[in-house]
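Here the structure comes first, spelled out in structure tokens, and everything after it is commentary.
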Amino acid sequence: MFWSRRRKAPARPGPPSPARRDIGVQVAARLAATPGMRRVPVDGAQMFTHPDYLSPAQCRLLIDLIDAGRRKSTLLSTSNDPYFRTSDSCDLDRWSPDVQPIDEAIADLLGMEPRQGETIQGQRYAPGQQFRAHHDYFNENEPYWETMRPFGGQRTWTAMVYLNDVSDGGSTWFPRLGVRFKPERGLLVAWNNMSEDGSPNEATLHEGVAVTRGVKYIVTKWFREGSWIK
């Protein structure tokens, strides 16, 4: 007699949450009513774009700040893949007179309180550098969650802006949603990392595809469900 052993289904990355659900509804409604904002026609996630959200001068300023402060990017969770995330990163000074207006404008765009937003992170991808498929939300089953939870809890929305055009490669790919964004200077992409019920949305898996020619610069701002700034 043969016995089959059923594989245990992986644990969900987090439970539903009415508070996170409401944040999703409110932000999506605000973005949908914003001139210049476009709803991305995908099933399974709330996602918007805004071409030319940042001016060429703002993009140049942020690129210079990233180059001045960049370091090797890190991961919250462990990975045995040395090529999982190979970019450089830079945490921008949110209170500087150059960064604060941009930081708070992005929060206002989404209708989020500035204190809910993490510090803007700049990222630089040289040829061959990448960020393999990952989620922006926190997996609440991972050990790092207990460290993240006191600082505003779960990540809800992501706002990302490309700071330059890239000659070849460097797209942001959402394989489960079937959408890919090519780097274009000033283009903002915003998406909700939560599902309609406020639980982490596994369909938001995305990858920073390797740059093959040129250098890619982006800034990313993540928003928490509560106050990140104490």
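Nothing in this text is a laboratory measurement; each read-out follows from the coordinates by a stated rule. From a predicted model like this one, the values you see are computed outputs, not experimental measurements. Methodologically, a virtual Cβ is constructed for each residue, glycine included, from the backbone with ideal geometry; neighbour enumeration extends over all protein chains shown.
Which one of these is part of a loop (DSSP other than H, G, I, E, B) and either surrounded by 12 or more Cβ atoms within 10 Å (Cβ to Cβ) or touching a Gly at 6+ places or on another chain (Cβ under 7 Å) (or both): 103, 98? Write out each step before concluding.
Working: 103 fails: part of a loop (DSSP other than H, G, I, E, B).
So the residue among 103, 98 that is part of a loop (DSSP other than H, G, I, E, B) and either surrounded by 12 or more Cβ atoms within 10 Å (Cβ to Cβ) or touching a Gly at 6+ places or on another chain (Cβ under 7 Å) (or both) is 98.
None of 106, 120 is more than 25 Å from residue 169 (Cβ to Cβ), touching a residue at least 60 places away in the same chain (Cβ under 8 Å) and under 16 Å from the mean Cα position of the chain (by Cα) except 106.
Going by the structure shown, is residue 199 closer than 30 Å to residue 10 by Cα, of a type in the set (Gly, Ala, Ser) and in contact with a strand residue (DSSP E or B) (Cβ under 9 Å, 6 or more places away or on another chain)? When the stated conditions are applied, residue 199 does not pass them.
Listed here are the residues, each with its yes/no results for (1) over 14 Å from the mean Cα position of the chain (by Cα); (2) of a type in the set (D, E, K, R).
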residue: 167; (1), (2): yes, no
residue: 171; (1), (2): no, no
residue: 181; (1), (2): no, no
residue: 196; (1), (2): yes, yes
residue: 202; (1), (2): no, yes
residue: 207; (1), (2): no, yes
residue: 210; (1), (2): yes, no
residue: 215; (1), (2): yes, no
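Of the numbered conditions (1) of a type in the set (Phe, Trp, Tyr); (2) buried (at least 16 other Cβ atoms within 10 Å of the Cβ); (3) in contact (Cβ under 8 Å) with a residue 12 or more places away in the chain, residue 151 fails exactly one; give the number of that condition. Of (1) of a type in the set (Phe, Trp, Tyr); (2) buried (at least 16 other Cβ atoms within 10 Å of the Cβ); (3) in contact (Cβ under 8 Å) with a residue 12 or more places away in the chain, only one is false for residue 151: (2).
For region 112-125, state whether one or more residues are of a type outside the set (Lys, Arg), in a helix (DSSP H, G or I) and under 30 Å from residue 212 (Cβ atoms). Before you say what the answer is, go through the steps one by one.
Kept after step one, since they are of a type outside the set (Lys, Arg), are these residues of region 112-125: 112-114, 116-123, 125.
Next, only the ones that are in a helix (DSSP H, G or I) stay: 114, 116.
Next, only the ones that are under 30 Å from residue 212 (Cβ atoms) stay: none.
No, there is no match, as no residue in region 112-125 is of a type outside the set (Lys, Arg), in a helix (DSSP H, G or I) and under 30 Å from residue 212 (Cβ atoms).
Among residues that are touching a residue at least 24 places away in the same chain (Cβ under 8 Å), in a loop (DSSP other than H, G, I, E, B), in contact with a Lys or Arg (Cβ under 8 Å, 6 or more places away or on another chain) and crowded, with 17+ Cβ neighbours inside 10 Å, residue 138 is included.
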